[in-house]
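Below is one structure, written out as structure tokens, with a few remarks after it.
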Amino acid sequence: MLNDHSKQMAWTCDKLKMKEFARENTSNARIPETLWFGDNLADLCSRKLPLKWVLKPNHRSQAVYFGEGAPDLVQLAKSTRGWLRVYERAYFGEWAYREAKKCFLVEEHLGNGQVINDYKFYVFGGVPRLIQVDSDRFSGHQRRFYTTEWQPLDYTNVFPMASVQEAPGGLSKMLAAAADLGRTFDFIRVDLYEVHGTVYFGEITPYPEGGMKPFEPHSLDSELGGLWERAASSTPQ
């Protein structure tokens, strides 16, 4: 965040560019369809949208609107107020958010209305080393960590520890996709989903929790930091 302001990192907080990168660099994950993007929500009225769709800001995180059928512009304006401003996290060192195109993005809805698990892979020099699974993200958010062999770990970070779940059927494809997408970075987090056996790309994240949410126990911070240092010394810049 403080020292790496390279061209390689400049686009990594732009959702449209993330999807383009993923499309070009892995065949192991499907890229959710972009239905529309722009800065004027009124333009959505001319679009034929599916029954369910998802609206996000292209240049920020932690904001999402789940839509159904024809858009209600009054409701959308209310729900998205302030979304096109500079993302506040950019003021706290996450500089790449300033480089992202400020616009709205509408994607296909995954999961047929069900909240699906978010699988987050910590990748160092193209090698996945840790898996974070976020469940029930919009009601009682919980989190659990696993090794890449799906051994549960008793670490916590931000949210309460979730119970142990079975490994997703597409775990091997997820690991392959994460390796594909992390190959050119000394560190990146790759977020994926699985729906009915199909692996979907979510996003890449250069700044998990803004670097401000330590793990418990703290030994995991040191362990991951060591992996990062070794990857940084060997990954071409």
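The values are calculated or read from the model by the stated rules, or taken from the named source; none is laboratory data. These figures come from a predicted structure and were not determined experimentally. Quick reminder, even Gly has a Cβ in these numbers, built from the backbone with ideal geometry, and neighbours come from all protein chains shown. Only protein heavy atoms, including side chains, enter the accessible area calculation; ligands, DNA and RNA are left aside. Shrake-Rupley method; radii C 1.70, N 1.55, O 1.52, S 1.80 Å.
Miscellaneous remarks
- Among (1) within 17 Å of the chain's Cα centre (by Cα); (2) assigned to a strand (DSSP E or B), the one test that GLU20 misses: (2)
- Among (1) surrounded by 17 or more Cβ atoms within 10 Å (Cβ to Cβ); (2) more than 18 Å from the chain's Cα centre (by Cα) - the single one HIS59 does not satisfy: (2)
- Of the residues making up the range 92-124, just one is on the phi > 0 side of the Ramachandran plot and in contact with a helix residue (DSSP H, G or I) (Cβ under 8 Å, 6 or more places away or on another chain), namely GLY93.
- Residue match in the range 94-112 (condition: surrounded by fewer than 14 Cβ atoms within 10 Å (Cβ to Cβ) and free of Cβ contacts under 8 Å to residues at least 40 places away in the same chain): no
- Some residue of the range 82-90 being under 15 Å from TRP11 (Cα atoms), open to solvent by less than 50 Å² (accessible area, probe 1.4 Å) and touching a strand residue (DSSP E or B) at 6+ places or on another chain (Cβ under 7 Å): no
- Test: LEU49 is crowded, with 16+ Cβ neighbours inside 10 Å and at pLDDT below 95: yes
- In the range 57-72, the residues that are free of Cβ contacts under 8 Å to residues at least 12 places away in the same chain and assigned to a loop (DSSP other than H, G, I, E, B) form Cβ pairs under 9 Å with partners that are surrounded by 13 or more Cβ atoms within 10 Å (Cβ to Cβ) and of a type outside the set (S, T, N, Q), at six or more places apart or across chains, as follows: GLN62/ARG89; VAL64/VAL54; VAL64/LEU55; VAL64/LYS56; VAL64/PRO57.
- Filter pass, LEU41 being open to solvent by less than 30 Å² (accessible area, probe 1.4 Å) and under 16 Å from the mean Cα position of the chain (by Cα): no
- Some residue of the range 210-230 being free of Cβ contacts under 8 Å to residues at least 60 places away in the same chain, basic (Lys, Arg) and either open to solvent by 20 Å² or more (accessible area, probe 1.4 Å) or not in a loop (DSSP other than H, G, I, E, B) (or both): yes
- Filtering the range 1-17 to residues that are part of a helix (DSSP H, G or I) and either closer than 18 Å to CYS103 by Cβ or open to solvent by 40 Å² or more (accessible area, probe 1.4 Å) (or both) leaves LYS7, GLN8, ALA10, LYS15, LEU16, LYS17.
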